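Have a look at the structure below, then the notes.
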Number of protein chains: 2
Amino acid sequence: MAAVTNQVFIAVIGVGGVGKCFLSQLSALATRRPTPKLNLCYISSSTKAVFNTTDYSIGIENALQELASSSEAPMPLSKVADYLAAAPAKVILVDNTSSQDVANAYPLFLSRGISIVTPNKKAFSGPYKLWKDIFTAARISGAKVYHESSVGAGLPVISTLKDLVDTGDEVTKIEGVFSGTMSFLFNSFAPVQGAGGQWSAEVKKAKELGYTEPDPRDDLNGLDVARKLTILARLAGLPVESPTSFPVQSLIPKELETVSSGDEFLEKLPAFDSQMEETKLAAEEQGKVVRFVGSIDVASNSVKVGLETFDKSHPIAALKGSDNIISFYTRRYGGNPLIIQGAGAGGEVTAMGVTGDLIKVLSQIV
Amino acid sequence: MAAVTNQVFIAVIGVGGVGKCFLSQLSALATRRPTPKLNLCYISSSTKAVFNTTDYSIGIENALQELASSSEAPMPLSKVADYLAAAPAKVILVDNTSSQDVANAYPLFLSRGISIVTPNKKAFSGPYKLWKDIFTAARISGAKVYHESSVGAGLPVISTLKDLVDTGDEVTKIEGVFSGTMSFLFNSFAPVQGAGGQWSAEVKKAKELGYTEPDPRDDLNGLDVARKLTILARLAGLPVESPTSFPVQSLIPKELETVSSGDEFLEKLPAFDSQMEETKLAAEEQGKVVRFVGSIDVASNSVKVGLETFDKSHPIAALKGSDNIISFYTRRYGGNPLIIQGAGAGGEVTAMGVTGDLIKVLSQIV
């Protein structure tokens, strides 16, 4: 029988957009579900931290204000592990950063019995050795590690793929639009109905609307999608070495790879519109539209990211706004895939995936 | 810390299409994951049973053969509860029937600490009192109850709705096609492209292909969809009294409600084709197609099941084959819903939902 304990300690690293939304959801969760008592025991930004070596408790409601007025620097991660391992009950670390350093410390935290929930893609899409070290450490210690929001934000993508694999289905192919930015760009540039805008103008608009990274090249290089594909491929059983070990098509013209700023990139991009226009027209001549997709073919051990064309009636073509769509083709589901669709980015829905993971871990450790 | 135990006992009631697929998945699961050891300790059909009062163990591989040659009748459900409660470790009851009697016994099983996983809709869509009794019994004893396959078979519908609610999102509306039979019928009768067939001919074809119940009226009366809507509405917070306490449109012509057999129904249905044809044409004149859908509007506490029209570009219109589609509109997801789509019926995918639930319960009780 599971031992009954009445409290769990939560450590939060990272208080950016997702971190702030998560704290708000954590506060509401602690109010709705008084048992087990959720004690925030550590919170840190990149420059500050709050902790409490006396009773491991920080008020969740005022945590951000306390952090803002704190004069403490964040502890080194090995010290965080020592501090958390000494807590008087089970601990869950919530990593809301996109830091490779924090990701690299997951095996350490897990080996000390500290469970992890996170949207951080770096841990699961970095070197394959890190992936193995993480899950080996978790298996040995019994600590849990959940990362639903590392692909498709709060959409049930990771959990669905795990269920398919764990129940013995054979996933044959995974295909989809995994980037909200790319979705928005191509739904505007090459809509199913109407002419669509010029490529450079759509990129500019997406940046103005906040759909791109500060430098849009960080979206257009395809690496974000490649990281998500790496995670899904590994869950489907392919030992993908890294997000650069398979073909990833960059939409950055070679000549603009080295210009010094995102602004300069946007200024010079119109000169290269003809390339994308040709791609769009070639698709249109076949009655199709072009989209930026990722796909995993399990049987042939092939993962790729880049432009592909789709019939206008295909669910990938019909996507709206900045939505993601992920299709799982499996032996059991046959010809028609299991499809998950919806917003795949944004603070609230990303934090929702993290909070959902936290609830799943709570149900297993207390 | 969770107590470590090395075995769990599994009881299986029901060995029809879903039950047989489940046993095959259970056998594979027991091989893939030797810990905890999964001991089948009871299996029954409607007329026979196998159990083992000595060591509570029946070989999973040969269970169906043993059942076929058994001379034991199934125990009364109260005796099954006694037998399972006396097992030397945690027990999970897998109800693969669609029996109201078994469903009515869930509070008894749960109160004795026996967890339940099931695709049986009856327990969760029957009287509201049964719903409350089930979840009250589970809360008090700590036993788990999971029923993913009660809506959309193995599609992650229930788990997604629970995650939305548990993490504090507000579900405003749920809409979709919840019946594989209705999906197949309307995708053929009123396709997005082309003329489609005659209504009665499509019903006949669906029956021949095995997509309908033996008497197609059991699909056309809308009750199956109403049961699924009842479950989702309750999970979204609406205390729906029963699947007959909200408007459900039946597609059975009044004159044919009382004919004696499904065959006679099919024979007489062509005389009523003009009704459905008019509905189809009225939709077409608006550039739309007609579909049989269920919807839940949480704010107005309104649940309904019946025919509605959709733009041809709407995801519900574009559905293929016998697929289900379920759209969750929530505060966090805004204008574009979270959509789940795919096969919502069939032995293998229904059993998959049951096996997935079993794995979730295992992760919490051992």
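Of all residues assigned to region A:226-235, none qualifies as being within 29 Å of A:P270 (Cβ to Cβ), within 14 Å of chain B (Cβ to nearest Cβ) and touching a residue at least 40 places away in the same chain (Cβ under 8 Å). Would you confirm whether or not region B:277-300 contains a residue that is within 9 Å of chain A (Cβ to nearest Cβ) and either among the polar types (S, T, N, Q) or more than 26 Å from B:P216 (Cα to Cα) (or both)? There is no residue in region B:277-300 that is within 9 Å of chain A (Cβ to nearest Cβ) and either among the polar types (S, T, N, Q) or more than 26 Å from B:P216 (Cα to Cα) (or both). When the criteria are applied in full, A:G176 meets the requirement of being closer than 17 Å to A:S327 by Cα, surrounded by 17 or more Cβ atoms within 10 Å (Cβ to Cβ), within 13 Å of chain B (Cβ to nearest Cβ) and at pLDDT 95 or above. Residue-level check: of (1) touching a strand residue (DSSP E or B) at 6+ places or on another chain (Cβ under 7 Å); (2) within 28 Å of A:T355 (Cβ to Cβ); (3) buried (at least 23 other Cβ atoms within 10 Å of the Cβ), A:A190 misses just (2).
Considering region B:179-208, and only residues there that are within 14 Å of chain A (Cβ to nearest Cβ) and under 20 Å from B:T350 (Cβ atoms), the residue that is farthest from the chain's Cα centre (by Cα) turns out to be B:F184. Inside region A:331-358, residues that are more than 8 Å from chain B (Cβ to nearest Cβ), surrounded by 24 or more Cβ atoms within 10 Å (Cβ to Cβ) and over 16 Å from A:E148 (Cβ atoms) make up a count of 0.
Just to be sure, is A:K320 more than 10 Å from every other protein chain (Cβ to nearest Cβ) and more than 30 Å from A:R32 (Cβ to Cβ)? Against the criterion (more than 10 Å from every other protein chain (Cβ to nearest Cβ) and more than 30 Å from A:R32 (Cβ to Cβ)), A:K320 does not qualify. Among B:P216, B:P247, B:P270, which is of a type outside the set (D, E, K, R) and surrounded by 21 or more Cβ atoms within 10 Å (Cβ to Cβ)? After applying the criteria, what remains is B:P216.
When B:S327 is tested against (1) on the phi < 0 side of the Ramachandran plot; (2) more than 10 Å from chain A (Cβ to nearest Cβ), only condition (2) is not met. Does B:R112 qualify as being more than 20 Å from B:D163 (Cβ to Cβ) and at pLDDT 95 or above? Answer is yes for this residue. Listed by first and then second residue, the pairs with beta-carbon distance under 9 Å, at least 6 apart or on different chains, first residue in region B:60-72 and closer than 18 Å to B:V94 by Cα, second among the charged types (D, E, K, R) and surrounded by 12 or more Cβ atoms within 10 Å (Cβ to Cβ), are B:L64/B:K20; B:L67/B:K48. Restricting the first member to region A:141-166 and to residues that are touching a residue at least 24 places away in the same chain (Cβ under 8 Å), and the second to residues that are of a type in the set (K, R) and not in a strand (DSSP E or B), the beta-carbon pairs closer than 7 Å and six or more apart or on different chains are A:Y146/A:K360; A:S150/A:K121; A:V151/A:K228.
Region B:17-121 holds strands (runs of 3 or more DSSP E) entirely within its bounds, and those carrying 3 or more residues that are more than 14 Å from every other protein chain (Cβ to nearest Cβ) map to B:37-44, B:49-51, B:91-95.
Selection over region A:301-317 of residues that are surrounded by fewer than 22 Cβ atoms within 10 Å (Cβ to Cβ), more than 9 Å from chain B (Cβ to nearest Cβ) and either more than 18 Å from A:K288 (Cβ to Cβ) or not aliphatic (A, V, I, L, M) (or both) gives a count of 10. Any residue at all in region B:296-313 that is closer than 30 Å to B:K129 by Cα, basic (K, R), out of contact with any Pro (no Cβ under 8 Å at 6 or more places or on another chain) and in contact (Cβ under 8 Å) with a residue 24 or more places away in the chain? Scanning region B:296-313, I find no residue that is closer than 30 Å to B:K129 by Cα, basic (K, R), out of contact with any Pro (no Cβ under 8 Å at 6 or more places or on another chain) and in contact (Cβ under 8 Å) with a residue 24 or more places away in the chain, so the answer is no.
Results for (1) outside the structural domain of B:L130 (by the TED database); (2) closer than 29 Å to B:P315 by Cα; (3) touching a residue at least 40 places away in the same chain (Cβ under 8 Å); (4) crowded, with 19+ Cβ neighbours inside 10 Å, shown as yes or no for each residue.
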position	(1), (2), (3), (4)
B:V240	yes, yes, yes, yes
B:E277	yes, yes, yes, no
B:A283	yes, yes, yes, yes
B:Q286	yes, yes, no, no
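With respect to B:E61, is the statement that it is in contact with a Lys or Arg (Cβ under 8 Å, 6 or more places away or on another chain) and more than 30 Å from A:R112 (Cα to Cα) true? Here the answer is no, as B:E61 does not meet what is asked.
The values are calculated or read from the model by the stated rules, or taken from the named source; none is laboratory data. As the structure is a computational prediction, the values presented were derived from the model and not from experiment. With ideal geometry, Cβ positions are generated from the backbone for all residues, glycine too; neighbour counts draw on all protein chains shown.
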